[in-house]
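First the structure, in the form of structure tokens, and then the observations on it.
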Amino acid sequence: MFIKCFLSYEFMFKTTDKLKSEEKIMLREHLLKRRSSLQSPEVNFYSEKICDILIENSYFCQAKSILFYSGYQHEVNLWRALSYAFSLNKRIVLPRIDEEKSGVMRLFEVRDLEKDLVKGKFGIIEPSYGCIEVAVSEIDLFFIPGVAFDFYGGRLGRGFGYYDRIFDSS
């Protein structure tokens with residue numbers, strides 16, 4: 001698995017699962033800094049392009065249940081794809097950080113885009129407490145945020161491990 005990064009030549013030939021902890025920290029810091037330098041119009045432009053590609057994808061078209069995420073600090077904004085999926089009566093699932101259990105994220109179905117969403121931990125839009133919890137096995141398609149991805153689907157996240165724990169527990 002290759003990583004697209006120009007921080008160091010050696011990173012380009014390592015998979016995300018082969019990176020040492022300190023390499024992950026350096027790579028994450030470098031890429032988050034680069035991403036934070038993007039202007040909002042640029043983020044919006046690329047988010048729209050990505051949503052165009054997603055909604056035309058056969059996996060998206062066939063999926064009945066889709067896990068989305070709420071964009072945070074210049075992450076890809078998937079709101080248009082989420083809204084479109086909702087208009088097609090697809091089951092929309094979003095994560096929520098469990099305030100009572102440290103380091104735990106749970107998944108919930110969103111049935112009403114206005115009533116079921118609130119600002120949660122870190123100011124991220126997430127499902128309200130009245131939403132129904134969904135098991136990972138009930139989801140057909142997953143959109144997962146990341147700082148970097150390699151060519152084999154390996155992911156470098158923000159380092160909190162929320163998504164790792166969700167998938168490890170299923």
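The values are calculated or read from the model by the stated rules, or taken from the named source; none is laboratory data. Values in this document were obtained by computation on a predicted structure and should not be read as measured data. Glycine gets a Cβ as well: all are built from the backbone with ideal geometry, and neighbour counts include every protein chain shown. Heavy atoms of the whole protein, side chains included, go into the accessibility calculation; ligands, DNA and RNA do not. Shrake-Rupley method; radii C 1.70, N 1.55, O 1.52, S 1.80 Å.
List of remarks:
- Label sites at K33 and D112, each approximated as a point 7 angstrom past Cα along Cα to Cβ, lie 4.6 nm apart.
- Measuring against 25 Å, Cα to Cα, the residue pairs K90/K115; K49/K90; K24/K90 contain K24/K90 as the ones spanning a longer distance.
- Applying a DSSP loop filter and a limit of 15 other Cβ atoms within 10 Å to the GluC sites (Glu not before Pro) in segment 110-170 leaves E114.
- Rounded percent of accessible protein surface that carbon and sulfur make up, the chain, 1.4 Å probe: 54 percent
- Computed magnitude of the charge dipole of the chain (debye, nearest 20; Cβ of K, R +1, Cβ of D, E -1): 300 debye
- Scaling against 2.2 N^0.38 Å puts the C-alpha radius of gyration of the chain at 1.06.
- Under the span-like rule (Cα at least 15 Å along the axis, Kyte-Doolittle mean at least -0.5), DSSP H helices of the chain: 40-56
- Dipole-positive endmost among S87, V134, N77 within the chain (Cβ charges, Cα centre): N77
- Å² per residue, accessible surface of the chain at 1.4 Å: 62 Å²
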